[in-house]
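Worksheet for the structure shown next.
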Amino acid sequence: MVGAALCALLADAGMRVALIEAQARPLSLEAWDGTRVAPRVSALSPVSTRLLTRLHAWPAMEKRRVTPYRFMRVWDAEGSGDIAFSADEAGVANLGHIVENNVTLAALNARILEHPNVTPLYGARVEALQTSPTGRWLTLDDGRQLGAPLVVAADGARSALREMAEIDVVEDDMHQHAVVTTVRCERPHGATARQAFVDGQPLAFLPLTVNGDERYCSIVWSVTPARAKTLEAMSAEALGEALGEALDYRLGAVEVRDKAYAFPLVQRHAQRYVAPHFALIGDAAHSVHPLAGQGVNLGLMDAAVLAEEVVTAFKRGAGWGDVRLLRRYERRRRADNATMLALMKGFKTLFGSAHPGVLLARNVGMSGLHRLVPIKRVIMRQATGERGRLPQSCR
């Protein structure tokens, strides 16, 4: 999603872009199956929505499936701590939208595949990355070579291009796996995203509206690896019972509508984002714990900021692959991403502690914060992406 967004931003500015994608064929809007909910979803912030609207992808997404949420409820299942957020308090129409990743990617693909400035290369893998005085050369697995003043790696948390560029990464194993699935609850979600900390492990019920039915939710439960294995092996009935009990049946009985998928959670942060004629964006630069749902929003902001810096240089006739220019992108994004990584680690530590003093402090703190509307408003503005100097494409 992040690489496709960058591709569209650069192409719209008149730049020629080659998109190299290992998948054999692009995910298309026509092939989207609305009867099945994809297991991987994102909580897109209002700022990310503005970017996708600017790229003319949002209307196509709305025609498929996007679910706005106006409220958020977070509580500690081990105590009395409970805090609620609302769009009205934040002064926005919605706190965000829950969208299946394949909907977002298909809509962006539709934009870039029809663009005359984009050369899509599907079913291709990069075998080697080399440096030249004027840029970088890529060697593909079929022997083709491509040269460009700038290569951008948007190839995920285990980025092969990042390794080829010899950029080190700091890894922080969260000692958790995220278990994801789709459920249908007894009661409607009420446009509310819910997150409970159960034994210090965050369980999110993210609202989905499927064919007008507001009783669907996408589940993300971050648990120990052993617990994840147990949850994966459960029958649908047993898993539904476990989910309902963990949420204290706030949405009634829970019916599991898909298998459970688990993947390990490791926070990663590249020690640098750029090198001469080379840049990292999205998960290739940083991967964050999903408890705040900020991963794709951080990545989309990377794409928007990098595009703004590169396009400005391109229009001025300056060297848009020059590392001095690329460092401006790094300065604008690294601090924000590092702050979010630290916050997620802090939350995990805070809610993962069973110490009575910590339990009391976090419950008193949550309940006290619930009554402090001005401070909550600041927090919500941050969560909706309204922080720092936004690129023009996101305003």
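The values are calculated or read from the model by the stated rules, or taken from the named source; none is laboratory data. Everything quoted here is computed from the prediction, not taken from an experiment. When we count neighbours, we look across all protein chains shown, and the Cβ atoms used for this are built from the backbone with ideal geometry, even at glycine. Accessible surface is based on the protein model in full, side chains and every heavy atom, while ligands, DNA and RNA are left aside. Shrake-Rupley method; radii C 1.70, N 1.55, O 1.52, S 1.80 Å.
Descriptive notes on the structure:
- Within the stretch 10-33, tally of residues that are basic (Lys, Arg) and either in contact with a helix residue (DSSP H, G or I) (Cβ under 6 Å, 6 or more places away or on another chain) or at pLDDT below 95 (or both): 1
- Breaking point among (1) of a type in the set (A, V, I, L, M); (2) open to solvent by 20 Å² or more (accessible area, probe 1.4 Å); (3) at pLDDT 95 or above; (4) touching a Pro at 6+ places or on another chain (Cβ under 7 Å), for Ile98: (2)
- Single residue of the stretch 30-42 satisfying the filter (among the hydrophobic types (A, V, I, L, M, F, W, C) and open to solvent by less than 20 Å² (accessible area, probe 1.4 Å)) that is nearest to Tyr122 (Cα to Cα): Ala38
- Residue check for Asn117: on the phi > 0 side of the Ramachandran plot and either in contact with a helix residue (DSSP H, G or I) (Cβ under 9 Å, 6 or more places away or on another chain) or open to solvent by 50 Å² or more (accessible area, probe 1.4 Å) (or both): no
- Filtered residue count, the stretch 238-251, keeping only those that are in contact (Cβ under 8 Å) with a residue 12 or more places away in the chain, among the charged types (D, E, K, R) and over 17 Å from Arg73 (Cβ atoms): 1
- Here is the figure for the stretch 115-153: residues that are within 17 Å of Leu10 (Cβ to Cβ) and outside any strand (DSSP E or B) total 5.
- Conditions (1) within 30 Å of Arg136 (Cα to Cα); (2) open to solvent by less than 60 Å² (accessible area, probe 1.4 Å); (3) touching a Gly at 6+ places or on another chain (Cβ under 9 Å); (4) not charged (D, E, K, R): number failed by Ala24: (2)
- Residue count for the stretch 261-306 satisfying the condition of being surrounded by 20 or more Cβ atoms within 10 Å (Cβ to Cβ) and hydroxyl-bearing (Ser, Thr, Tyr): 2.
- Test for Arg158: is it surrounded by fewer than 19 Cβ atoms within 10 Å (Cβ to Cβ) and more than 26 Å from the chain's Cα centre (by Cα): no
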